[in-house]
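What follows is a set of notes on a single structure, which appears directly below.
The values are calculated or read from the model by the stated rules, or taken from the named source; none is laboratory data. These numbers were taken from a predicted model, which means no experiment stands behind them. Note that each Cβ is placed from the backbone with ideal geometry, even for glycine, and that neighbours are counted across all protein chains shown. Areas reflect the complete protein model, heavy atoms only, side chains present, ligands, DNA and RNA absent. Shrake-Rupley method; radii C 1.70, N 1.55, O 1.52, S 1.80 Å.
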Amino acid sequence: KSCHLVELNPATPDDKDDKDAKNVEKGYIYCGSIGWPVFILEYMEQTPLYDKVDFLSLAYTESGGVGSNHVAEPNGDSTATGSTDNRYVSEHMPSVFVCPSAERIESVNIQKDYGVNGGYGLPERTMLNKEGIFYCNSGTRLSDVRDGLSNTIFLLEVCHKGWMVDSADATKTVKLERGTNPFFWVDSGGQGYAVYDDGTTKMRINNRLLPSATRGARSDHTGGINIAMGDATVHFLSSRVAFEIYQGLCTRSGNESVAVP
């Protein structure tokens, strides 16, 4: 599962719930969901850290990141947000989530450089996704990956440093001054997910002229990104790959006849 939604009790609201009321959908809150890295900690010899997670509280981040609801300006500082019950875990990210090749603009213990395949749209706020592998409260089984595990991306690079189109000039790129990929905080920016299309824009690999700073697969490697497939093999995928191939590798049951080039 890629993130855990905290269920709200409308009969007993508190300040935390009120502050994020605009993000409540169908009795759930996704602004502060607990993201996918938490769910693999036990398999990474990080059980003591996993045991410190409070699953009944929101995630926490010192910096919501660009693309978050908690940023005053596109390149500005974002306020700490979420539950301090999960602050310790949020500030002790294992080093395995850091790409050695990624330029650091945030501390190595709070922001990651990897994401999961969310397929199409806005996976952080949907509990029904027929495209990707991971989405809110997802429980995708290997048998659901009908296109074949060796032909379907599970994890890929989403370096915490982002770029986006300059609001004043659509032909220019703005390099963000704050990170976009907190350790396990997820809100409406979809931190920690990568999609091939967000519903309005094709999210090509390493495309810096995107309206969203959080959803595209990207790295500081020359010419592409590393991807991990459902069969646990790792490959380097060129930024120049045909978009139709990339899309096919991101869908789990699209019946495309594609393979990693």
query = Has the stretch 182-190 got any residue that is of a type in the set (V, I, T) and touching a Leu at 6+ places or on another chain (Cβ under 7 Å)?
reply = no
request  = Mind counting the residues in the stretch 203-261 that are among the hydrophobic types (A, V, I, L, M, F, W, C), within 18 Å of the chain's Cα centre (by Cα) and over 22 Å from R146 (Cβ atoms)?
outcome  = 6
remark   = Within the stretch 186-209, residues being under 17 Å from A242 (Cβ atoms) and among the hydroxyl-bearing types (S, T, Y) number 1
key: D220 being surrounded by fewer than 17 Cβ atoms within 10 Å (Cβ to Cβ) and closer than 16 Å to F154 by Cβ   = no
task = Would you check which residues across the stretch 90-138 are of a type in the set (S, T, N, Q), assigned to a helix (DSSP H, G or I) and touching a strand residue (DSSP E or B) at 6+ places or on another chain (Cβ under 6 Å) and list them?
result = S90
message = Can you go through F134, F97 and tell me which one is open to solvent by less than 30 Å² (accessible area, probe 1.4 Å), within 21 Å of L156 (Cα to Cα), at pLDDT 90 or above and not β-branched (V, I, T)?
response = F97
ask   = Of all residues in the stretch 114-131, which are out of contact with any helix residue (DSSP H, G or I) (no Cβ under 7 Å at 6 or more places or on another chain) and open to solvent by less than 20 Å² (accessible area, probe 1.4 Å)?
value = G115, G118, G121, P123, E124
request  = Please name all residue pairs, on different chains or six or more residues apart, with Cβ atoms under 8 Å, provided the first residue is in the stretch 231-257 and is more than 13 Å from R204 (Cβ to Cβ) and the second residue is open to solvent by 50 Å² or more (accessible area, probe 1.4 Å) and of a type in the set (D, E).
outcome  = G248/E256; T251/E131; R252/E131; G254/E131; E256/E244
